[in-house]
Amino acid sequence: MKSLTTTELRALFLRFFGERGHTIIPSASLIPENDPTVLFTTAGMHPLMPYLMGAAHPAGVRLADVQKCVRTGDIDEVGDASHLTFFEMLGNFSFGDYFKDDAIAWAWELVTKEFGLPKDRLAVTVFHNDDEAYNIWKKVAGLPDDRIIRIATKDNFWQMGDTGPCGPCSEIFYDHGPEVWGGLPGTPEEDGDRWIEIWNLVFDQFEDLPDGSRIPLKQKCIDTGMGLERLAVVVQDVDSIFDVDTIQALRNKVCEISGKEYDKDHETDVSIRLITDHIRSATFMISDGIMPTNEGRGYVLRRLIRRAARHGRKLGIDGAFLAELSKTVISESKDGYPELEEKKEFILNVLNKE
Ligand code: GLY
């Protein structure tokens with residue numbers, strides 16, 4: 001396995017797909033442009049839904065990007081070692097161009113050759129009746145039958161919501177080793193942390209309509225999603241997302257400001273992780289023009305800032321500290337998102353005022 005920083009992983013992913021004919025597009029805003037039904041961009045494919053459904057994208061039919069995402073559904077779980085409200089999603093997309101053959105072959109090449117993950121620590125799933133994907137995995141990866149697992153549930157049928165593009169998907173799982181409790185997907189122990197999904201390849205073939213019907217898409221498409229922070233856990237061989245390089249730098253800053261040590265006391269760790277998570281989300285939200293308010297996405301931002309401030313008090317921090325932490329978010333992420341540096345003063349002002 002190669003040790004790569006988060007910045008290197010992001011660049012490697014984009015270079016790999018750029019070399020395979022993909023146009024690299026910048027991340028869309030966290031404020032969804034094409035979807036008034038949700039508050040935030042929640043997946044890499046989210047801003048690209050119109051193009052999956054047949055509209056012509058100005059940058060072509062093969063794209064790759066790193067999309068900023070916010071999922072606040074699990075806000076109450078933040079504080080454990082595996083949930084983030086803000087994350088980056090790596091994705092490659094085909095709008096009626098290549099399909100399962102190339103998507104699977106490139107995913108396998110990237111994961112095993114470029115990231116250097118050992119084959120014996122990988123398993124994949126396919127939708128239960130997707131013989132085509134099963135056979136491609138067999139040919140491309142040469143995995144044994146018990147490492148290409150057929151799953152009949154919605155875990156292997158991607159739908160972002162009730163409407164829009166959808167289809168069977170195939171996920172790549174990484175084995176964190178026998179010392180971690182858990183089992184392969186489809187087994188009773190699948191919810192453990194041993195086998196963790198790192199990449200979801202979606203074979204969009206259908207569109208769900210508001211009346212509940214499902215029709216074939218005009219064109220077959222590929223949409224993939226790989227969480228950068230989760231990937232970094234694997235490639236950097238660390239215990240949790242709070243230990244990957246960029247997030248650890250922020251976590252350490254929280255410890256420095258509070259004078260607390262990480263990994264000594266459970267309750268202290270929850271507060272440290274929560275502040276680390278929330279200030280990342282808040283920084284990116286403000287840079288996309290979201291302001292703390294009493295409704296909608298502004299209210300989510302306000303809750304994140306206030307929750308982080310409250311946990312700061314719990315750790316014994318006096319006075320305003322979130323702007324100071326935000327500087328670390330900006331310095332750790334500005335290579336991927338130069339706009340953070342450009343809007344630095346604005347972001348810090350909003351945080352200080354709130
Ligand atoms: N659209 C694939 C994913 O977000 O997992």
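A few points about this structure:
- Here the gap between VAL140 and VAL38, fully extended at 0.36 nm per residue and compared with their Cα-Cα distance, gives a gain of 32.9 nm.
- Student exercise, the range 275-350 dipole from Lys, Arg, Asp, Glu Cβ charges, in Debye to nearest 20: 500
- Proximal charge balance of GLY186 [Cβ under 12 Å; K/R count +1, D/E count -1]: -4
- Nitroxide proxy distance, nm - points 7 Å out along Cα→Cβ at ALA320 and SER213: 5.6
- The residue list HIS83, PRO118, GLY96 was ranked by how far each Cα lies along the charge dipole of the range 60-138 toward its positive end, using unit charges on Cβ atoms, and PRO118 comes out on top.
- Potential lengthening between ASN294 and ARG313 on full extension [0.36 nm per residue; Cα-Cα distance subtracted]: 4.6 nm
- For GLU132 and ASP162, the difference between the fully extended length at 0.36 nm per residue and the C-alpha to C-alpha distance is 8.2 nm.
- Flagged links, alpha-carbon separation over 31 Å, of LYS2/LYS344; LYS253/LYS353; LYS68/LYS253; LYS100/LYS343; LYS100/LYS334; LYS154/LYS253: LYS2/LYS344; LYS100/LYS343; LYS100/LYS334; LYS154/LYS253
- Note on ASP76 and GLU179: the model spin-label points, each 7 Å out from Cα along the C-beta direction, lie 3.4 nm apart.
- Selection from GLY186, ASN34, PHE17, by position along the positive dipole direction of the chain (Cβ): ASN34
- Heavy-atom surface of the range 1-101, accessible at 1.4 Å and reported per residue (Å²): 39
- Helix 131-141 vs. the chain, principal-axis angle (Cα, 0 to 90°, nearest 10): 70
- Reducing the range 26-89 and the range 99-130 to their Cα centroids gives an inter-centroid distance of 23 Å.
- Taking Cα centre as origin and charging only the Cβ of basic (Lys, Arg, +1) and acidic (Asp, Glu, -1) residues, the dipole magnitude of the chain rounds to 760 debye.
- Percent RCO, i.e. relative contact order, over the chain, from Cα pairs under 8 Å lying at least 6 residues apart: 17
- With every protein chain in place, the chain: carbon and sulfur % of accessible area (1.4 Å): 48
- A simple rule links phi to the HN-Hα coupling: the Karplus curve 6.51 cos²θ - 1.76 cosθ + 1.60 with θ = phi - 60°, which for the range 304-317 gives 5, 5, 6, 5, 4, 4, 4, 5, x, 4, 4, 7, x, 7 Hz, with x for Gly and Pro.
- FRET efficiency estimate (nearest 0.05) - Cβ-Cβ, ALA56 to LYS2, R0 35 angstrom: 0.40
- Cut-off 13 Å between beta-carbons: net charge of the residues surrounding GLY296, Lys and Arg +1, Asp and Glu -1: +2
- Solvent exposure of the range 180-219, expressed per residue, is 54 Å² of accessible area, with all protein chains present and a 1.4 angstrom probe.
- In nm, spacing of pseudo-spin labels at ILE24 and GLU109 (7 Å Cα→C-beta vector): 1.7
The values are calculated or read from the model by the stated rules, or taken from the named source; none is laboratory data. This structure is a prediction, so every number in the text was calculated from the model and none was measured. All Cβ positions, even for glycine, are placed from backbone atoms using ideal geometry, and neighbour counts span all protein chains on display. What goes into the accessible areas is simple: the full protein's heavy atoms, side chains included, and nothing from ligands, DNA or RNA. Shrake-Rupley method; radii C 1.70, N 1.55, O 1.52, S 1.80 Å.
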